[in-house]
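Engineer: I'd like to ask you about the structure that follows.
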Amino acid sequence: MIALTLPAESDADHPFVTRLGGGEKPTGACSRLEQFRDDRSVWCGDHGLLEIFHAGENVQGDVVLVEPAKGRVERLIRAGSRHNTLLVTEQCDQLCVMCSQPPKKTHDDRFEYFTEACLLADEGTLIGISGGEPTLHMERLLQMIEEVLDRRPDLFFHILSNAQHFGPEHALRLRDPRYRKVAWGIPLYSSDPVHHDVIVGKPNAFERLMESFATLFRAGARIELRTVLLSKNVADLPSLARFLAENLPQIEQWSIMGLENAGFARRNFGEMHLALPERFAEVAPALDLAVLHGIPVRLFNIPLCHVAEAYRHLAVASISDWKQRFATACEECRAKADCSGFFEWHPQELVNRVAPI
Ligand code: SF4
């Protein structure tokens, strides 16, 4: 697993954001490399000296938040990675049964640091935003997106949101051309309102979601719809495919995702998890319907050998590099480079159930 925080010592008396080394496009504070060894490096910049203990991790080009009092750096944007996500809040107004990042009551506002970090990213970087629920802090979030895209129109954002907080007042603002660089990843677990509300743990969430979709579509927003595969909702998938075709045909993509064994999902993983090697036939009809109706559908976080051969072209190697792992047997698989593999914390007995291609 790749470490996202590293021990560090700094001269500064307050937190700051810096980029470790220059780059093609950054506008702002970069630090210069002074010394490099296998296990540590020393950097010099506007905030004085910074020593990072990275034990073999390559940190050159990373954009980091340095927190001197905590003796650490947080790697907000890692150079060369396609999986950089800024967690803007841990608060959420839903309580999904399989939430991988259970919500907290308190909010630590770090938008200022995140804005600085985005401005230091490499040219053309896609930056993920997640939580908690980012739109609980809608004004701060939209201000950050607009400021960054004003100064760095080469960047892109993908924002995960439960879409419970958009209203007609947002339609005009989201029509701004800057939002063509922003895609919203929004979960919908069933076309049955009761089933969806039970899964997200919030009464009337489905109805509120549909109101938000009306605003987002009026604004021309780019939407990726996300459905986590659960034993609870697998029977609903064909109806959901028809529902999307009839009611939400404007979506850019429907992403059907494997369950992550983290957060709340750990408690009932055995009960909620769908064993795809045996049960893929229950998912296939929804994929067929989506394709038939012209809905771009993809499978995320699912190893290729758990997908029936005829549908493997729909699977994306999606698990973030810092939390991805493979079984020993995967070493002999010809498809490994295109395979999502498993989450680092996936149960070992399931990881062992691979069939090299
Ligand atoms: S054997 Fe491993 S690398 Fe090959 S498809 Fe299965 S999980 Fe992926």
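Throughout, read-outs are computed from the coordinates displayed, never taken from laboratory work. Quick caveat, the model's predicted, so the values are computed rather than measured. All Cβ positions, glycine included, derive from the backbone under ideal geometry; neighbour counts span all protein chains shown.
Engineer: So what is the relative contact order of the range 298-357, in percent, for Cα pairs below 8 Å that sit 6 or more residues apart?
Structural biologist: 41
Engineer: Normalised by the residues of the chain, what does the relative contact order come to in percent, with Cα pairs under 8 Å and at least six apart?
Structural biologist: Worked out over the chain, it gives 13 percent.
Engineer: Quick check on the chain: helices-only [θ] at 222 nm, where DSSP H runs of length 4 and up contribute -39,500 (n - 2.57) each and the sum goes over total residues. Nearest 500, please.
Structural biologist: -6000 deg cm²/dmol
Engineer: Take the alpha-carbon centre of the range 314-357, take the same for the range 118-182, and report the distance between them in whole Å.
Structural biologist: 32
Engineer: Right, something else. How tilted is helix 205-218 with respect to the longest principal axis of the chain? Cα atoms for both, answer in degrees (0 to 90, nearest 10).
Structural biologist: Value to nearest ten degrees: 70.
Engineer: Here's something else I'd like to know. Excluding residue 146 itself, calculate the net charge of residues whose Cβ lies under 14 Å from the Cβ of residue 146, where each Lys or Arg counts +1 and each Asp or Glu counts -1.
Structural biologist: After counting each charged neighbour, the total is +4.
Engineer: Turning to a different aspect of this structure: Where Rh denotes the Kirkwood radius from the mean inverse Cα pair distance, what is Rg over Rh for the range 85-351?
Structural biologist: Ratio of gyration radius to Kirkwood radius: 0.95.
Engineer: A further question on this structure: List, in order, the whole-Hz ³J(HN,Hα) value for each residue of the range 306-314 obtained from phi through the Karplus relation with A = 6.51, B = -1.76, C = 1.60 and θ = phi - 60°; use x for Gly and Pro.
Structural biologist: With the stated coefficients, the range 306-314 comes to 9, 10, 4, 3, 5, 10, 5, 5, 8 Hz.
Engineer: What's log10 of I(q)/I(0) for the range 251-306 at q = 0.15, 0.17, 0.18, 0.30 Å⁻¹, Debye sum over Cα points only, no solvent?
Structural biologist: Summing over Cα pairs of the range 251-306 leads to -0.51, -0.64, -0.71, -1.22.
Engineer: A follow-up question, please. What translational D, rounded to a whole number of µm²/s, comes out for the range 228-268 from Stokes-Einstein when the hydrodynamic radius is the Kirkwood one over Cα pairs, at 37 °C and 0.692 mPa s?
Structural biologist: Roughly 277 µm²/s, to the nearest whole number.
Engineer: Grab the other residues whose beta carbon is less than 11 angstrom from that of residue 92, score K and R as +1, D and E as -1, and report the net.
Structural biologist: 0
Engineer: Kirkwood hydrodynamic radius, computed over distinct alpha-carbon pairs, for the range 5-77: how many Å, to one decimal?
Structural biologist: About 11.9 Å, per the Kirkwood formula over Cα pairs.
Engineer: Distance from the Cα centre of the range 218-245 to that of the range 1-15, in angstrom?
Structural biologist: Centre-to-centre (Cα) distance: 40 Å.
Engineer: Sketch the reach of a paramagnetic label on residue 292 as a point 7 Å from Cα along Cα-to-Cβ, and name the residues of the range 224-246 whose backbone nitrogen lies under 15 Å away.
Structural biologist: 237-246
Engineer: Using only alpha carbon pairs under 8 Å that are at least six residues apart, calculate the relative contact order of the range 190-272 and give it in whole percent.
Structural biologist: 34
Engineer: Could you give each residue of the range 192-203 its phi-based ³J(HN,Hα) in whole Hz, using Karplus coefficients 6.51, -1.76, 1.60 with θ = phi - 60°, and x for Gly or Pro?
Structural biologist: Whole-Hz 3J(HN,Hα) from phi for the range 192-203: 8, x, 5, 4, 4, 4, 5, 5, 8, x, 8, x.
Engineer: Ranked by Cβ crowding within 10 angstrom, fewest neighbours first, how are 257, 98 ordered?
Structural biologist: Final ranking by Cβ density, sparse to dense: 257, 98.
Engineer: Also, I was wondering about something else. Over the range 241-357, consider all pairs of different Cα atoms and compute the Kirkwood hydrodynamic radius from their mean reciprocal separation; express it in Å, one decimal.
Structural biologist: 15.1
Engineer: If you don't mind, another one. For the peptides 222-230, 292-300, what is the packing order when you average, over each peptide's residues, the other Cβ atoms within 10 Å and list the highest mean first?
Structural biologist: Packing proxy ranking, top to bottom: 222-230, 292-300.
Engineer: Turning to a different aspect of this structure: Given the C-alpha atoms of the range 118-249, compute the convex hull and give its volume per residue in Å³.
Structural biologist: 113
Engineer: Compute the acute angle (0 to 90°) between the alpha-carbon long axis of helix 138-151 and the principal axis of greatest extent of the alpha-carbon atoms of the chain; round to the nearest 10°.
Structural biologist: 60
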